[in-house]
Amino acid sequence: MAGNTSVPGATVTSRVLALLGAFDDRHRELTLSDLARRSGVPLATAHRLVAELAEWGALHKTGEGKYVVGRRLWDVGLLAPVARELREVAIPFLHDLYGATLETVHLAVREDDHVLYLETLSGTRSVPVVSTVGSRLPMHATGVGKVLLAYAPDDVRQRVLARPLPRFLPRTITSPALLASQLDQVRADGYATTDEEMTPGARSVGVPIVTGDGVVGALGFVVADLRRSRVRLVAALQVAAQGIARSVSDQLRDRQLSRRCGAGDVVPVAGWRGRRGGILRRVLPRAPCAGGARVLGWSRARPGPGWLRGAAVAGPLWRVPPDAGRESLAGRVPAVRGGEPGGLAGAGADRRR
């Protein structure tokens with residue numbers, strides 16, 4: 001539906017999006033007049049729409065009469081699959097990093113040509129930091145940003161290098177050729193650093209979070225001095241990034257398996273050591289279900305493992321002995337489907353020990 005606007009045929013939705021799009025990393029607080037001017041929406045229309053956005057929580061009016069992005073927009077943004085799942089998985093690792101170093105820790109992803117900060121834990125040392133949760137910064141002047149730019153698709157890198165690179169401090173890299181060389185070095189080294197390129201007195205280091213789908217985010221520290229601690233901090237970040245990547249990949253496999261498999265379908269298994277030294281095997285979502293045979297259970301691990309044979313498929317399954325402690329095991333095998341642990345389910349099943 002079109003209305004009174006400076007752009008003929010513009011819809012209400014497009015005007016609302018234009019008002020929200022008026023904010024960026026350099027314009028975080030805007031007056032009503034600024035919003036109307038930057039969005040191209042007539043002042044009277046902007047006044048009405050901004051009031052509705054503020055009432056809903058998409059915008060917030062400060063005591064000075066300016067508008068900022070509201071918390072509710074950030075809450076909605078966290079529902080995006082990558083941001084939400086990555087943040088939820090990464091938070092325990094971020095706390096581990098902070099606990100071990102007491103330095104400021106960042107979790108970030110690439111959003112178009114900027115770095116978006118999903119989570120920040122502030123360190124105890126007085127290092128100035130401009131990034132906050134939900135903020136967007138240019139990629140060429142931050143540690144996590146350089147990592148994300150180094151592993152970005154070629155068209156993104158070319159687009160960033162083709163534009164003027166803003167200078168924030170004397171040490172900010174503004175030469176496209178020098179930045180391109182640094183990005184190549186980042187890919188070779190596996191990490192990126194900055195030296196007072198965004199904020200005076202702040203250095204940063206970042207590493208990629210790499211899954212089977214490529215780089216899904218970046219972890220970083222902001223510190224006062226990297227000369228003596230760089231190797232230690234990079235090692236800590238890389239260990240945490242690997243743990244996050246494994247957890248993200250496991251969640252993805254779980255979702256894929258839940259879409260493909262029904263209760264009782266056969267899936268591959270992997271070993272756990274039981275209370276009496278035997279190997280207990282649990283369901284792992286590593287491959288599509290086999291044939292749809294409704295066979296799932298457990299068998300005692302012995303040298304000649306038992307086989308459970310179903311109508312459509314045969315495969316090794318394992319039954320927990322009665323004295324193996326089912327209650328303690330139950331919390332460790334959430335992927336078990338169909339049948340009861342300790343028993344075998346399936347038409348025509350043949351159990352052997």
Query raised in the report: Does any residue of segment 91-104 turn out to be in the same structural domain as residue 244 (by TED's automatic domain parsing), under 18 Å from residue 76 (Cα atoms) and surrounded by fewer than 22 Cβ atoms within 10 Å (Cβ to Cβ)?
Result: no
Query - Count of segment 202-223 residues which are outside any strand (DSSP E or B), at pLDDT 90 or above and more than 14 Å from residue 145 (Cβ to Cβ) - result: 0
**Report entry** Any chance residue 15 is surrounded by 13 or more Cβ atoms within 10 Å (Cβ to Cβ) and under 25 Å from residue 115 (Cβ atoms)
**Finding:** no
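Table: residues versus (1) more than 15 Å from residue 192 (Cβ to Cβ); (2) in contact with a helix residue (DSSP H, G or I) (Cβ under 8 Å, 6 or more places away or on another chain).
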{"position": "113", "(1), (2)": "yes, yes"}
{"position": "127", "(1), (2)": "yes, no"}
{"position": "134", "(1), (2)": "yes, yes"}
{"position": "138", "(1), (2)": "no, yes"}
{"position": "143", "(1), (2)": "no, no"}
Query - Condition met for residue 86 (part of a helix (DSSP H, G or I) and closer than 30 Å to residue 207 by Cβ) - result: yes
Requested in this report: Take residue 48 and decide whether it is in a helix (DSSP H, G or I), in contact with a Gly (Cβ under 9 Å, 6 or more places away or on another chain) and either β-branched (Val, Ile, Thr) or not assigned by TED's automatic domain parsing to the domain that holds residue 198 (or both).
Outcome: no
Report task. Sort out which residues of segment 123-156 are crowded, with 16+ Cβ neighbours inside 10 Å, among the basic types (Lys, Arg) and modelled with pLDDT under 95, and write them in order of number. Result -> 136
Query raised in the report: Among the candidates 41, 68, which residue alone is at pLDDT below 95 and crowded, with 16+ Cβ neighbours inside 10 Å?
Result: 41
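This table checks each residue for (1) out of contact with any strand residue (DSSP E or B) (no Cβ under 7 Å at 6 or more places or on another chain); (2) in contact (Cβ under 8 Å) with a residue 60 or more places away in the chain.
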site	(1), (2)
85	yes, yes
89	yes, yes
92	yes, no
98	no, no
102	yes, no
107	no, yes
112	yes, no
116	no, no
120	no, no
Report summary line: If we keep only residues of segment 89-111 that are in contact with a helix residue (DSSP H, G or I) (Cβ under 6 Å, 6 or more places away or on another chain) and assigned to a strand (DSSP E or B), then the residue farthest from residue 244 (Cα to Cα) is 110
Query - So residue 35, is it free of Cβ contacts under 8 Å to residues at least 40 places away in the same chain, assigned to a helix (DSSP H, G or I) and over 27 Å from residue 203 (Cα atoms) - result: yes
Report task. Out of 187, 163, report the one residue that is out of contact with any strand residue (DSSP E or B) (no Cβ under 7 Å at 6 or more places or on another chain) and under 16 Å from residue 138 (Cα atoms). Result -> 163
**Report entry** Qualifying positions in segment 157-189 - surrounded by fewer than 16 Cβ atoms within 10 Å (Cβ to Cβ) and either touching a Ser or Thr at 6+ places or on another chain (Cβ under 7 Å) or not in a helix (DSSP H, G or I) (or both)
**Finding:** 163, 164, 166, 167, 169, 170, 171, 174, 175
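The values are calculated or read from the model by the stated rules, or taken from the named source; none is laboratory data. Since this is a predicted model, take the numbers as computed values, not measurements. Backbone-built Cβ (ideal geometry, glycine too); neighbour counts: all protein chains shown.
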